Amino acid sequence: MPIIDIWRRATIPAAENARAPGRDRISRYGWSMPPVSHRPPTRARGLPVACRVPHHRRMTDVLVSDAPQAHRFEARDEAGELLGIAAYDVVGRTVVFTHTEVDPRAEGRGVASTLVRAALDSVREAHGDVVALCPYVKAWLARHPDYQDLVHRPA
């Protein structure tokens, strides 16, 4: 077993601990650099760092409105800029969601989730049901069991 000295460096080069503090400093064996990885950096739960959005960057003030002439729900910020859409078709009392799209600058901030929730709440108020052809809406419905009563079930 290698003996660790006062500076937390192993006494033999082969036994150096790559995670020891001071790894990027000069040791008695010369300059050492931390190992280079070509994989994207990850944190706690294995999620890529780029996917984790700080809380202060999440969008909370998203205004969702129905644009029936365009057959879509629209999400806008306080300035009125369009952030995302959820396109749909209406067949009787069934709303068929065909596509959801969010502006790349607003991705990862909860815009799509807010948009879909508001759209489904609107369908619920109109006593309609939903067919999810859009993969995002389908996945969102699978994650939210309290909206399963809206899913269209053929008779």
Candidates A119, A132, A142, filtered to the one that is surrounded by fewer than 21 Cβ atoms within 10 Å (Cβ to Cβ) and small (G, A, S): A142
Any hit, the stretch 102-109, residues being among the small types (G, A, S), out of contact with any strand residue (DSSP E or B) (no Cβ under 7 Å at 6 or more places or on another chain) and assigned to a helix (DSSP H, G or I): no
Selection within the stretch 118-140 - assigned to a helix (DSSP H, G or I), in contact (Cβ under 8 Å) with a residue 12 or more places away in the chain and not β-branched (V, I, T): A118, A119, L120, S122, R124, Y136, W140
Any hit, the stretch 82-101, residues being aromatic (F, W, Y), in contact with a Phe, Trp or Tyr (Cβ under 6 Å, 6 or more places away or on another chain) and over 14 Å from V64 (Cα atoms): yes
Selection count, the stretch 58-97, where residues are of a type in the set (A, V, I, L, M) and either farther than 30 Å from R153 by Cβ or assigned to a loop (DSSP other than H, G, I, E, B) (or both): 7
Qualifying residue in the stretch 131-154 (condition: closer than 19 Å to S65 by Cβ and more than 18 Å from the chain's Cα centre (by Cα)): no
Test: A112 is farther than 11 Å from V96 by Cα, touching a residue at least 40 places away in the same chain (Cβ under 8 Å) and surrounded by 16 or more Cβ atoms within 10 Å (Cβ to Cβ): no
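A short reminder: the numbers here are calculations on the coordinates, not readings from a lab. None of the values given here were measured: they were computed from a predicted structure. So basically every Cβ, Gly included, is an ideal-geometry build from the backbone, and we count neighbours across all protein chains shown.
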